[in-house]
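Okay, here's the structure, questions in a sec.
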Amino acid sequence: MEGRIPISEALRESIKYWSSFVSKCLTKRLDASTFEDYVQLVQSRHRLPPEIIADFFIRPIKSNCVSPDPRIPPYISILTKLRYTDAVSILRSLYRYSSLHALVPEQAQHDGDGANGEGAARQDAQPASSLRWKSSSWLEEVMFYHVIKLLVEGTAFRDSRTALELIHISSKWMVLFTTASNSMTADMLGGSLQDPQVRHEMETAWGALVPLVLRLVDNAAFVKVISQPSAKGARKVFSDSLASFVQVIQQSPQLPQFQQFINKLELFRTEVLAPLDPVDKSKQAANAVMDDILDSTVGVDNLVIPEVPITNTRAGLYIYLGASLVGRPLIDDHALFSYLNNRYQGDVQQSAVDLILASFDLLANAVFRNEGPRDAQLLRSFLINKVPLILAQLCPPGFSTPSAEFCITQALPHVDTSVFPTASLMFDESRNNNPYTESVREDFCSACALHGLIEREHVERILGESSMSYEPSQEKYSKEKLVQSCLSDPDKIQALIRDMDKMDGNVGAVCQALVELLRQLCHSKDTMSLKILCSQLVQKPQSLDILLLFEKLPTILEPICQLLDSWRYEEDQGEYQPVYEEFGAILLLVLAFAYRYSLTPADIGIISPDSNVAKIIGRAHIGRELDELSEQENGHLGGWIHGLFDSDAGGLGDDLMSSCPPADFYLLTATLFQNIVIAYTQGFLTDDALRSGVEYLIDTFLLPSLIPAIRFLSDYLWVEQKEQKSIIKILQLILLPTSISGEATTMLASVKGIVAKPLEHSLRSYQRQDPKNQDIEPLLRVLKDSLPFSRRTGAAEHQELELWATSSSSGLSGAAKHLIQGLVQWCVHTDETAMPTSYTHRQVIATLKIVGASRLLRVILEEIRHQTLAGNGSLVYDVATALVCAPNVSNELPPTSGLLDETGNMLPMLQRPLTLREVLKMEAEDYRKLQKKDAELAEIVVRLHRRVEAQMVLPPPPMLQAADMQLDLAGDATNLEDSIVVAAGVSGDGTMSMDGVGSLDMGLGGISSDLGLGGPGSNGGLDASAEADLFGSLDDTDMDVFDGWGGMDLGGP
């Protein structure tokens, strides 16, 4: 006893000393080298075992239990290098204080501990820690990779005993992740409110645990230890834990990227571990027979369910086209023809009639919802300029039966004349005619006559009266002639851009000519003409929507991005300001596309990590600290600051611009403005100096750089700090200049249009913080006219969210239910000319983002049950199918998904939330469990799943790849009827499915962007949440809640 007392006291003294030492290291932020010197002295005088040392660094304290300190990983790295701690101790301490425990019910934790031999392990016999981290996933991820490094180096375990301890703690980690994932899934299916960030954090650590387990089973020494007879108990625990863990991974939305890991782990479990502990042969045989019977007789494809006749309703195509045009237009010709064929089973006449009616209905709905100023131009152009081209492919003039003229004649009587008046009704003074719908009938028929779909002399007969606007002499444009005309006379470019506003059927040729003109000017590097063309397009943001009706996004922007990325000064360059001006004007068009539609570089088609355009889009709006800049960047930044604000420096000279290419300047924009704000706040910049510097920035050669600058200021304004008033002052000088040229005024108007929405959002937020500030309202007034045209992303406005959330006692789910009911009732209505039900696909997108795909699908399924009982089953299935098949512009995989980069490596898997179709497919595949609980609902799931998959089937690739099928804009329409008939003969068993594709614009010539190239990822799975009180605290400020702006995306993934 006398010998033990000093040892006990020494241990307590060591623990006390280490505790003080760790606290001081973290408080004083010791660097790694200093820490290494000190910790050796401490351990030499106060020696402690590895697990206690690891515990000191990883455990939370009451004053900080939110997230571990960032200094912990480098400290632990040094400790393992010095062998003061080891892999087992690190994993045990991480497990003890992991935030994942909060996701697991207490009973499940006890059950899991018992199942994993908790009582048998002396090291883990201590009670569970009452204090755990709130968020430890990042540390777990880093430490898992650190243990992987130790395994590779061969220092993770020294002997068989340590290896068994590593097996034990690894098993516990797998059980913890499995239990936490199952608990979260149960909560989501139960409708509990769940934070997507929690799921994201769990998957972050999960993504590192999988490679760790894989590295373990690949370690020869580990396999030797676990194969020993003495390790039977640990082997069984590890095998059971691994089986459950693999099962959870297989259900993960990240399955594609884990698939090869899953295969290796399952192979290890079945081929290495299983033979070491043979199971009862008779029991194994009985189970195998039962599994075979179940798999062969009750598979989802073999389930026999009663047939329900389903009608192709007027609402179906109305929903699908509405979703395609609600944000960035997603009109892909190949996919649209395939969808029409699948939906109408080769019935060309009904396809054409419903296409015409749905297009009229969309325009009527926009006017009815008072969305004419924002949407009418796009929808009118789609109806008058795009639909006739589609009809020309469905029913080629002179070769098809039925004829296009017959289909048009069948459709027009069902178009409501109270919304789309005839020529005579337009002169009725008792009517309140709408400028967005008047003359649409005549314009549509004129466009059809232009493309030879109807005889010119039959136009008035089809309209039923004399036409007031039809011109039989209207000439059909040729793309080639338009291009040559503009190349020979650049002054005609402006007239060609004005032609995009016309409703005469020629806009398709105009758009294709403009895109070809862009390509040729980029190829010839005629930057002066290209600058004029880009500047003209940017001035009309709605013209970008029209372009996307006829051309794919990468086709438009790829040549421009290549030109900008290869931009170099000439060897004999004389002046540099004109170069900046041309570069900025051309880049402005790219930024207009990127910001209007919330695009990433991958969406545009940029795959090179070294692309300057990609860097400008991705990070030009992010300010950096000076120590993060390279020496060259620091020099450039200093030069710009002196050139802008130092009166003695002589302004911005050629020396500065020659040493700093335009792309480099744009990447410094946010950092430049960050320093301007700080300098003005601290008094280093006077008002006069600030004003003179900003005057340079609102000149045409630098003005486009204000887009990332204002985006930076918008984000900066969200932070409550003393710099906010300085930001307002700078914004006043930019948006309300006292002296500016006419050309700069025009360009500034374009810049305002691009940044209006996020800037208004930030200003409104700051106004609520400081309601007495009189400087904010003038800025808001300046942005007012630009707001309707700033963004087109499919995101909901704030007022819309509040309306949907409060329109039902069950919130957004209830609003979705009412939407389905309204669409079904419109289909039931005997008066086919009645106004379409009010609908915007923004509601579906918002509901998916907030409530989650699983919860929304449940609403759809229950409404199918309800409407079927009411006798509307044949209609509601078509409405539900259209909602599931409808594209979601906010959840599209970019065209680069699944492609190779310049070095031949596979691009990183892009993640996105699950779609309705994917959730429906999972429900259908798991129908046996559902059938036991609710046989009727299981039938609904399977029936809806089969119809959705049938409508989303693509024709075999060779048919589409044999020729580059384009809409004929030059007069020689190709016959697609044969292709459509071929597609009709493709059965569901022998075709490729459009997995992961819920839209029309797939970027690969009409073929699914993941066809044969890998499936989609996910960034968090199903997100179910409560609805009734979601928006109780929201005010009535108009804001784009789901339209992310930097870090201010309030919608979440």
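Just the residues that are at pLDDT 80 or above, of a type in the set (G, A, S) and assigned to a loop (DSSP other than H, G, I, E, B), please, taken from the range 289-340.
Scanning the range 289-340 gives a single hit, G327.
Please go through the range 601-620 and pick out each residue that is surrounded by fewer than 22 Cβ atoms within 10 Å (Cβ to Cβ) and assigned to a loop (DSSP other than H, G, I, E, B).
Within the range 601-620, G605, I607, S608, P609, D610, S611 meet the criteria.
Okay, residues lined up against (1) surrounded by fewer than 23 Cβ atoms within 10 Å (Cβ to Cβ); (2) over 25 Å from Q774 (Cβ atoms); (3) touching a residue at least 24 places away in the same chain (Cβ under 8 Å):
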| position | (1), (2), (3) |
| --- | --- |
| P704 | no, yes, yes |
| P708 | no, yes, yes |
| D715 | yes, no, yes |
| Q721 | yes, no, no |
| Q732 | yes, no, yes |
| S741 | yes, yes, yes |
| S750 | no, yes, yes |
| I754 | no, yes, yes |
| P758 | no, no, yes |
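Follow-up. It is to be established whether one or more residues within the range 379-395 are part of a loop (DSSP other than H, G, I, E, B), within 30 Å of K476 (Cβ to Cβ) and either among the aliphatic types (A, V, I, L, M) or not assigned by TED's automatic domain parsing to the domain that holds I845 (or both).
yes
Could you tell me whether D354 is part of a helix (DSSP H, G or I), touching a Phe, Trp or Tyr at 6+ places or on another chain (Cβ under 9 Å) and either of a type in the set (D, E) or in the same structural domain as G322 (by TED's automatic domain parsing) (or both)?
So D354 fits the description; yes.
Ok, one more. What's the number of the condition K817 fails, among (1) surrounded by fewer than 22 Cβ atoms within 10 Å (Cβ to Cβ); (2) out of contact with any Asp or Glu (no Cβ under 6 Å at 6 or more places or on another chain); (3) among the basic types (K, R)?
Of (1) surrounded by fewer than 22 Cβ atoms within 10 Å (Cβ to Cβ); (2) out of contact with any Asp or Glu (no Cβ under 6 Å at 6 or more places or on another chain); (3) among the basic types (K, R), only one is false for K817: (2).
What are the residues in the range 477-495 that are assigned to a helix (DSSP H, G or I), in contact with a helix residue (DSSP H, G or I) (Cβ under 6 Å, 6 or more places away or on another chain) and touching a residue at least 12 places away in the same chain (Cβ under 8 Å), if any?
If the condition is that a residue be assigned to a helix (DSSP H, G or I), in contact with a helix residue (DSSP H, G or I) (Cβ under 6 Å, 6 or more places away or on another chain) and touching a residue at least 12 places away in the same chain (Cβ under 8 Å), then K479, L482, V483, C486, I493, Q494 are the ones that fit.
If I go through the range 546-572 residue by residue, how many of them are polar (S, T, N, Q) and within 17 Å of A509 (Cβ to Cβ)?
1
Spot the failing condition for S838; the list is (1) crowded, with 22+ Cβ neighbours inside 10 Å; (2) under 19 Å from G322 (Cβ atoms), and only one is missed.
(1)
Filtering the range 522-577 down to residues that are within 23 Å of the chain's Cα centre (by Cα) and in a loop (DSSP other than H, G, I, E, B), which residue is nearest to S381 (Cα to Cα)?
Residue satisfying both the conditions and the ranking: E551.
Something else about it: Cβ-Cβ below 6 Å, separation at least six or inter-chain, first residue in the range 946-957 and closer than 14 Å to D878 by Cα, second crowded, with 22+ Cβ neighbours inside 10 Å and at pLDDT below 90: which pairs?
Correct list of pairs: M952/M994.
Would you say D361 is acidic (D, E) and free of Cβ contacts under 8 Å to residues at least 12 places away in the same chain?
no
So S93 passes all but one of these: (1) in a loop (DSSP other than H, G, I, E, B); (2) modelled with pLDDT of 90 or more. Which condition number does it fail?
With respect to (1) in a loop (DSSP other than H, G, I, E, B); (2) modelled with pLDDT of 90 or more, S93 is out only on (1).
I've got another one for you. Condition test on L547, is it over 18 Å from A602 (Cβ atoms) and of a type outside the set (F, W, Y)?
yes
Right, another one. Among the residues of the range 743-752, are any over 26 Å from I586 (Cβ atoms), modelled with pLDDT under 95 and of a type in the set (D, E, K, R)?
There is no residue in the range 743-752 that is over 26 Å from I586 (Cβ atoms), modelled with pLDDT under 95 and of a type in the set (D, E, K, R).
Rundown of residues vs (1) among the acidic types (D, E); (2) assigned by TED's automatic domain parsing to the domain that holds G316; (3) surrounded by fewer than 18 Cβ atoms within 10 Å (Cβ to Cβ), yes/no style:
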{"residue": "L783", "(1), (2), (3)": "no, no, no"}
{"residue": "S808", "(1), (2), (3)": "no, yes, yes"}
{"residue": "C827", "(1), (2), (3)": "no, yes, no"}
{"residue": "V844", "(1), (2), (3)": "no, yes, no"}
{"residue": "L856", "(1), (2), (3)": "no, yes, no"}
{"residue": "H866", "(1), (2), (3)": "no, yes, yes"}
{"residue": "T881", "(1), (2), (3)": "no, yes, no"}
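Given the criteria modelled with pLDDT of 95 or more and more than 25 Å from D664 (Cα to Cα), does C486 qualify?
For C486, the condition - modelled with pLDDT of 95 or more and more than 25 Å from D664 (Cα to Cα) - is not met.
The values are calculated or read from the model by the stated rules, or taken from the named source; none is laboratory data. Because the structure is predicted, anything quoted here is derived from the model rather than measured. When we count neighbours, we look across all protein chains shown, and the Cβ atoms used for this are built from the backbone with ideal geometry, even at glycine.
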